[in-house]
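Beneath this line is the structure, given in structure tokens, with notes to follow.
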Amino acid sequence: MKKLKLYIAISLNGKIAKPDGSVDWLESIPNPEKDDYGYSEFYKSIDTTIQGYSTYDQIIQWGIDFPYADKKNYVLTRKQGLENTDDVEFITENHIETIQQLKEQEGKDIWLIGGGQVNTLLFNENLIDEIFVFVMPIVIPNGIDLFEGLPDENLLTLINTKTYDTGVVELKYAVTKGTK
């Protein structure tokens, strides 16, 4: 069974993006050694990505080749009439059932890229197994929360912490099931 892993950077005040969805603030954090904070290893451990439509749209607006083309990619949305592309399959209904089915497949793990609404939806359904949060040494005045809306109360178990010379702190949690 695959694990669903939320792997994401946040500002110190819990924002994953600015109100317009941009993450350009990540580039302002000095990183002279070009540390990837374990991203390369994490990326090798997954074969599937899940993201919300706003996150997908933001990536498309970057004007680059789709960065996860070597993975199976799903975009959760309520928008109807979207046509799948070579890179992504749009899931417009039965979101929870689809994710459950993906988790039951053989293979590598699944990366939940975000955003805040999808994070909350899947967290509230107890579908997220692990959360990797990279707390960046920056405060942004407003933006999209890690969990938009009302996440359920649920205990997390700290698996690991790591600090980087850049001031970034990595927190890895297992999501405790059934504590609602």
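Can you tell me which residue within segment 38-68, out of those that are among the aliphatic types (A, V, I, L, M) and surrounded by 11 or more Cβ atoms within 10 Å (Cβ to Cβ), is nearest to the chain's Cα centre (by Cα)? Working first, answer last.
Here is the first cut: in segment 38-68, the ones among the aliphatic types (A, V, I, L, M) are 46, 50, 59-60, 64.
Within this subset, residues satisfying the condition of being surrounded by 11 or more Cβ atoms within 10 Å (Cβ to Cβ) are 46, 50, 59-60.
On the way: 46: 12, 50: 8, 59: 13, 60: 16 Å.
The residue in question is 50.
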**Prompt:** Looking at segment 110-125, is at least one residue touching a helix residue (DSSP H, G or I) at 6+ places or on another chain (Cβ under 9 Å), small (Gly, Ala, Ser), buried (at least 16 other Cβ atoms within 10 Å of the Cβ) and assigned to a strand (DSSP E or B)?
**Reply:** yes
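Restricting to segment 69-83, give me the number of residues that are within 21 Å of residue 94 (Cβ to Cβ) and surrounded by 13 or more Cβ atoms within 10 Å (Cβ to Cβ).
In the first step, residues of segment 69-83 are kept if they are within 21 Å of residue 94 (Cβ to Cβ); the result is 72-83.
Those left that are additionally surrounded by 13 or more Cβ atoms within 10 Å (Cβ to Cβ): 72-77, 82.
Number of matching residues: 7.
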Note: among 128, 99, just one is in contact (Cβ under 8 Å) with a residue 40 or more places away in the chain and under 13 Å from the mean Cα position of the chain (by Cα), namely 128
Expected single match for over 21 Å from residue 147 (Cβ atoms) and either over 14 Å from the mean Cα position of the chain (by Cα) or at pLDDT 95 or above (or both) among 35, 20 is 35
Looking across segment 90-109 at residues that are among the hydrophobic types (A, V, I, L, M, F, W, C) and in contact with a strand residue (DSSP E or B) (Cβ under 9 Å, 6 or more places away or on another chain), the single one that is surrounded by the most Cβ atoms within 10 Å (Cβ to Cβ) is 99
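Conditions tested, residue by residue: (1) without any contact (Cβ under 8 Å) to a residue 12 or more places away in the chain; (2) part of a loop (DSSP other than H, G, I, E, B); (3) under 20 Å from residue 132 (Cα atoms); (4) out of contact with any Gly (no Cβ under 8 Å at 6 or more places or on another chain).
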| position | (1), (2), (3), (4) |
| --- | --- |
| 13 | no, yes, yes, yes |
| 20 | yes, yes, no, yes |
| 36 | yes, yes, yes, yes |
| 47 | no, no, yes, no |
| 54 | no, no, no, no |
| 58 | no, no, no, no |
| 63 | yes, yes, no, yes |
| 66 | no, yes, no, yes |
| 93 | yes, yes, no, yes |
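The values are calculated or read from the model by the stated rules, or taken from the named source; none is laboratory data. The structure displayed is predicted, hence computed values, not measured ones. Because the Cβ atoms are built from the backbone with ideal geometry, glycine has one as well, and the counts that use them run over all protein chains shown.
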